[in-house]
Every structure is written in C-alpha cells, then in structure tokens.
Amino acid sequence: MKLFPLKFKGDKKIWFLLLILAIISILSVYSSTYRLTMREGNLLEVISRHVLFLFLGFLFTYFLHNISLKSYRLITPVVLIIMIICLTILFFSQGEGSVAKRWMFSRSFQPSDVTKVVMVVYLAIVLSNDLGGNVKHFFWWVIFPIFLVCALIIRSHTSNAMIIGGTSMLMVFMGASNRKYQIVSVVFVFFIMTFYLFYHKDIGRGETGSNRVKAWITTTFCSETKTETTAEGKEKPKYTGYQQAETAKYAIVSGGLFRIAPGKSVYRKTLSEAHNDYIFAMIVEEYGLTGGIFVISIYLALFYRIIRVVKKCTIPFTALLLSGLLIVIISQTFIHIGVSVGGLPITGQNLPMISTGGTSIIITCGAFGMILAASRIAEEEEKKLRIKAK
C-alpha cells in the first residue's frame, strides 16, 4: 500500500468544505492584516506566511488521513508527555506581568493548541479500553492527566483550559463504561469549579478574565447608560467595556445585510487582532450579514458531515475520537463567533481554518486529517459489507 496515493480518500465533501474555508481564510487575512502589516512592514510576507501554513496544514491532513488509526495509539502518549514538558516550561516562564507565557520560539509555537487535540486522542484511547471498574486506575489515567494539563494551561490561557476540561468531561460521560467514573468526574468538577470561583483572581489571568466578564455583563445587560463630561463640558457615553469588543460590534453593524467590499474594511485599522481573534467581524464588515451566514453555514455543513461519519463508526475508539474532535472544533468556532458579535466575553479563541496562526492552523488540519482517516475506514467497511451482501 502506498503512503501517498494519487487520489484523496475519505469523505469528499469534507475535503471540499475545507478547501472553501481555506479560500475564505486567504481572502479574509489579506483584508484584515493592516495592523499586523504595520507592525511587520510587509503585506506580501504576512500573506505568504499564512498561505505557507495553510499548505503545510493540508499536507499534514493528507498525511494523517492515509495512515492507520492504530498509529495514533503508539504516538499519542509520547506527544502528550512532550506537550506536558513544554507546558511546564511555559508555566514557570515569566510573561507579561505575573502571567505565564503562551508561546515558545518567539510566538511561533503554542503548546496549548496542540494539547487540545492530543488530549482528545489520549482520552479516546484510555476510555475505549475497559478499566474494569477500578476507580483508582480511572483517577490516575483519566482524571489526573486532565487536571494536570488544565492546571498548566489555565495560568496563561483560561479559555483553552476550559475547552480542554469541558471536552474531556463530555468524553468521560460518553465513553465511561462504569457509573462510578461519572460520579468521580462530577465530584472532581464540583471541587475544581468551587476552588476556581473562590481563588480565580489569584490564578494567572483570572483577574483579567473576571474583568472581561464584568465588562461584558455591563455592556450587554445593563440598560442604564453612564455618561462622562468631556474637557469641553459636553456629556458623552462613558466607555465601560473593552475597546476591541466595541470596535468589533461597529464593524459588524457597518457591514449591513449584503455587501461586497473585499479589502475595504475601515475598522481593520483600529481593531486589535483583526486577523485572528476578530476575523469573523472583519468578514461581516466586508461581506455583510449574508457573508457571515455563508461562513456559518460552511461550518454547520462540516459539522453535519462529521456527525454522519461518527454514526458510521463501529469501533468505540474511533467514535470517541471523532466526538471529542467535533466538540473541540465546534466550541472554538462558536466561541469565536459569539465573542465577535458581543454574545460572549473576550476569550482570545481564533476561528478554525480561517484565522492566522501557525500552530492553530496545522493542528486543526491534523484534527481534520484524523476525521478523514476515520471516514476513509468507514467507507472501506461499507464496501466490504456491500461485497459480502452480493
């Protein structure tokens, strides 16, 4: 069997939807990188780097969708140990203020993004193996790794830690073979949530997260408009939130219902991280509400195709793997969109396959590679059943 056959395998519609997202990504990044270009001084270099990461990501997808799922069982524990070492180094590294660093090698590698996918694969492996109702084994092989990874990440990237923790708990409830495991998980989550509510301000970016939530609640649910007096003696609305969140809302409103204005964004000049954390707002500003709905429909179609693959899975490991990856991608997608439209507090999550970012693009492509590998296996099993039926 050749490692790189001439044709793409797996669900062809997933391949097609990924290609559409890649095209949208290039157009959107080209339009939204004004501030990044001003910082780095060369638009062509910024776009070329993004296209290169997309190309490498698709190569990674192509590679992973051709290898056996059994290979993941051998590679994943090693990769997880490497990621824990990297996260430990970052945990004890000094970043801005008292916050730990997120990136290694000068903002080119973010281990927490890799860990999101690696933890899904690891839990799919462990939970698909019967632990025999041994709560002690369950704690050390499931609960402790989840706690360790989230504890190492939460100091620098709270939203990533929450996504990993939430996805892990959902996988436990889907894949646990014994009710004892679910009880232990509920007790563990209750303990952690209680501890975090009391001491979140002392944990890394906990105070920043708390301020963001308060600002979001104030701007979203408080009808009373506070004012302040300017130097000229005039009253104006008092700003109570985060400037980038407010700017993203203005960008979305300016897009209207239908607009075709690629490269003509006004708010890309003032919106921080327009190419990353708020790229959906840039899409709506340049292509209107219709363009935003089109992007959301692409993601919904992608999720639907993945769910169809999950339904075809007959092996517990494969079903758990795809379910976990689907949860991670869905949560990251709609958290990003929710933040862009003002429906959620600021989290710093990018839009999968569209926002810039070397690590996030490649690891997301890797996740889709595993999804396509599962769809390839499901198609091969269907063909065997058809042959037997004949």
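Values quoted throughout were computed directly from the atomic coordinates according to the rules given, and no laboratory measurement underlies them. The shown structure was predicted, so the numbers you read here are calculated from the model rather than taken from an experiment. With ideal geometry, Cβ positions are generated from the backbone for all residues, glycine too; neighbour counts draw on all protein chains shown.
Structure above, values below:
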| read-out | value |
| --- | --- |
| Per-residue HN-Hα couplings for segment 279-296 [Karplus 6.51, -1.76, 1.60; θ = phi - 60°; Hz; x = Gly/Pro] | 5, 5, 5, 5, 4, 5, 5, 8, 10, x, 4, 4, x, x, 5, 4, 4, 4 |
| Entries of LYS116/LYS136; LYS12/LYS388; LYS12/LYS312; LYS9/LYS116 with Cα pairs more than 19 Å apart | LYS116/LYS136; LYS12/LYS388; LYS9/LYS116 |
| Residue order, fewest to most surrounding Cβ atoms within 10 angstrom, among THR61, THR88 | THR88, THR61 |
| With eigenvalues of the C-alpha gyration tensor scaled by 5 and rooted, segment 328-390, Å | 36, 14, 6 |
| Segment 142-198 versus segment 309-345: alpha-carbon centroid distance in Å | 17 |
| Extension gain (nm, one decimal) between LYS13 and SER48, 0.36 nm per residue minus Cα-Cα | 9.9 nm |
| Ordering of 138-146, 112-120 by burial proxy (mean other Cβ atoms within 10 Å per residue, highest first) | 112-120, 138-146 |
| Alpha-carbon gyration tensor eigenvalues x 5, square-rooted, for segment 242-390, Å | 37, 16, 12 |
| Net lengthening on full extension, ARG73/VAL341 (0.36 nm per residue, minus Cα-Cα) | 92.5 nm |
| Cα gyration tensor shape of segment 112-151, rounded if a/c is under 1.5, else prolate or oblate by comparing a/b with b/c | oblate |
| Packing-based exposure ordering (other Cβ within 10 Å, fewest first) of SER375, SER25 | SER25, SER375 |
| Burial ordering of GLU380, GLU273, GLU286, fewest other beta-carbon atoms within 10 Å first | GLU380, GLU273, GLU286 |
| Inter-label distance for ILE315 and MET174, nm, one decimal - labels placed 7 Å from Cα along Cα-to-Cβ | 1.7 |
